[in-house]
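Derivation of every value follows stated rules applied to the coordinates shown; laboratory data play no part. For clarity, every value in this text was computed on a predicted model and none was experimentally measured. Cβ coordinates were reconstructed from backbone atoms using ideal geometry, including for glycine residues, and neighbour counts include every protein chain displayed.
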């Protein structure tokens with residue numbers, strides 16, 4: 001039987017402006033590693049690109065290996081709320097890079113917050129009713 005390593009949770013926040021990856025322990029209370037698109041690329045308009053997401057995932061995967069974490073649950077999140085419900089283009093690239101770096105992914109969940117008739121949209125988004 002294979003010896004199981006430690007398990008962690010990787011939170012991927014992928015908006016259309018940035019990609020942020022956070023590694024926590026299994027409870028989600030203690031942050032073990034954190035990296036964002038702005039930390040790996042110089043140009044601001046490239047923070048949300050798949051390349052930046054891959055570099056961010058590579059950094060987090062290396063830190064996970066240092067901490068002894070081999071298995072992870074991935075939680076992907078878009079902006080949500082009244083904004084875009086779909087994750088940005090960096091989410092898929094980040095997950096691909098995590099597997100390439102040898103991190104074993106147990107599950108992938110989409111945890112984008114969806115309003116249930118909550119806040120009112122901006123005036124320009126509400127539209128005219130005829």
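With the Kirkwood sum run over all distinct C-alpha pairs, the chain has a hydrodynamic radius of 15.6 Å.
Neighbour counts of other C-beta atoms within 10 Å: give me 10, 105 arranged from fewest to most. Kindly include the intermediate steps, with their values, before the conclusion.
Details: 10 26, 105 13.
Lowest count first: 105, 10.
In terms of surrounding Cβ atoms within a 10 Å radius of their Cβ, 39, 54, 101 rank from fewest to most as 39, 101, 54.
Between the helical axis of 90-100 and the longest alpha-carbon principal axis of the chain there is an angle of about 10 degrees.
Full extension of the chain between residue 27 and residue 86 yields a length gain of 18.7 nm, computed as 0.36 nm times the residue separation minus the alpha carbon distance.
Using Cα pairs closer than 8 Å and at least 6 residues apart in sequence, work out the relative contact order for the chain, in percent.
On the way: 264 pairs, mean separation 34.2, N = 130.
Relative contact order of the chain: 26 percent.
Segment residue 123..residue 63, full-extension length gain: 17.2 nm, with 0.36 nm per residue of separation and the alpha-carbon distance subtracted.
For every helix of n ≥ 4 consecutive DSSP H residues, a contribution of -39,500 (n - 2.57) applies; sum these over the chain, divide by its total residues, and give [θ] at 222 nm rounded to the nearest 500 deg cm²/dmol.
The per-residue figure over the chain is -8000 deg cm²/dmol.
Look at 59, 27, 99, 19 and count the other Cβ atoms within 10 Å of each Cβ; fewest to most, that gives 27, 99, 59, 19. Taking every DSSP bridge with both residues inside segment 15-112, close to 45 percent are antiparallel. If I fit a long axis through the Cα atoms of helix 50-67 and take the longest principal axis of the Cα atoms of the chain, what angle between them do I get, 0 to 90°, rounded to 10? Result, in degrees: 40.
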